[in-house]
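The values are calculated or read from the model by the stated rules, or taken from the named source; none is laboratory data. These numbers were taken from a predicted model, which means no experiment stands behind them. No Cβ is skipped: glycine too gets one built from the backbone with ideal geometry, and neighbour counts run over all protein chains shown. Heads up: the accessible areas ignore ligands, DNA and RNA and are worked out on the full protein's heavy atoms, side chains in. Shrake-Rupley method; radii C 1.70, N 1.55, O 1.52, S 1.80 Å.
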Amino acid sequence: MTRPDTTTKHATDVSAMFDEVSPKYDLLNDVLSAGNSRLWRIATTRAIAPRKGMRILDLAAGTGTSSAALAAHGAHVTAADFSEGMLAEGRRRNAGNDLIEFVWADATQLPFEDNSFDAATISYGLRNVSEPKQALTEMARVVKPGGRVVIAEFSRPSSEAVNWAYTKYNRHVLPRVAGIINRDAAEAYKYLNESIEEWPAQEELARWLREAGLERVAYRNLTLGIVALHRGFVPREKPVAEPEKAPPAPAPAAKDPDAGKPAAEKKPAAEKKPAAKKKPAAKKTTAAKKTTAAKKPAAAKPAAETAEKAEKPAAASKPKAAPKAKPASTSDSNKRGSE
């Protein structure tokens, strides 16, 4: 068996590996997890909350064990996987179950329309995808607004002691036990251990879910953090139409801003209220007129007084002329007497 590269995770290499281990895959999981895989499946099913009439996408469904648990609640399950060997085994085991449909699919390019499912889930398969962030985005795309996405994946124990023991077990015990049960599985489980060690911690995966557009993201640890159960909801209003509205934006920019405004909006004339403010100025003019009218009598009084003053000196000048004539007559009489 060719062990896939954990860096590239080519789909053909990973799917070929699962094709070879598919017959005894579920048995290996039960033995290697000491029966905990069944408990993890129950917790995952409860997190999805399946009910009759729901359409659920079970991605990386493998042989359909998790899909059967969901269908038991009356939900219609689309079991998708990129391993033909796993799908064939799943169809054989679930023959006659009309609630499960097995479909080949690439997690990074799901062959489903937008808003096709009420919920989507993937168990222990996200770390085997070459582009896990793209797979999360695709899951969010195909789920209806308000629906949930649930991820069950091996994670990092919070306790250093537990993490140390868990790492030793995965490196040395797990591949040997797998080789005893299935000779071809030894190399496969070496790869699975390497992929677990390189997988991000719980907080990092939660951040990926938020980046995929999910909201109310949360997680809880199972079995001391060996497995983490992540959950997120698709927003009720998806921002899908925003890119389509971008092209019409430049058109209004070329138009005259005033050309597109309705006549009701053009209220500059109503706002120009200086005419009302000029009323005080009109009052001032009237007051000025009154003041001017009041000043006319004052101007007339000096004119009358000047006339009176002019007349009085004229009357006073007559007596002065009379005395001047008397001396003249006196001198004449003297002259005549001397003669």
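With the Cα gyration tensor of the range 41-181 giving a ≥ b ≥ c as the square roots of its eigenvalues, does the rule (a/c under 1.5 for rounded; else a/b larger than b/c for prolate; else oblate) give rounded, prolate or oblate? Note, shape of the range 41-181 comes out prolate. Per residue, the convex hull spanned by the Cα atoms of the range 52-106 amounts to 55 cubic angstrom.
With the whole protein complex present, Val234 retains an accessible surface near 0 Å², based on a 1.4 Å probe.
With a simple spin-label model that places each label point 7 Å from the Cα along the Cα-to-Cβ direction, the separation between Glu204 and Ile180 comes to 3.3 nm. Ordered from longest to shortest, the equivalent ellipsoid semi-axes for the range 141-239 are 32, 16, 10 Å, each the square root of 5 times a Cα gyration tensor eigenvalue. At a probe radius of 1.4 angstrom, the accessible area of the range 79-185 per residue rounds to 47 square angstrom. Note on the range 25-89: along the principal axes its Cα atoms extend 34, 27, 14 Å, ordered by decreasing extent.
Computed from label points 7 Å out along Cα-Cβ, the spacing between Asn115 and Glu237 is 1.4 nm. For the set Lys52/Lys144; Lys144/Lys190; Lys24/Lys190; Lys24/Lys144, the pairs lying more than 26 angstrom apart at their alpha carbons are Lys144/Lys190; Lys24/Lys144. The slack in the chain from Val103 to Ala218, taken as 0.36 nm per residue of separation less the alpha-carbon distance, amounts to 38.5 nm.
If only the Cβ of Lys and Arg carry +1 and only the Cβ of Asp and Glu carry -1, the dipole of the range 82-130 around its Cα centre is close to 320 debye.
Applied to the range 153-169, the Karplus parametrisation 6.51 cos²θ - 1.76 cosθ + 1.60 on θ = phi - 60° returns per-residue 3J(HN,Hα) values of 8, 4, 9, 10, x, 6, 8, 5, 5, 5, 5, 5, 5, 5, 5, 4, 5 Hz, with x for Gly and Pro.
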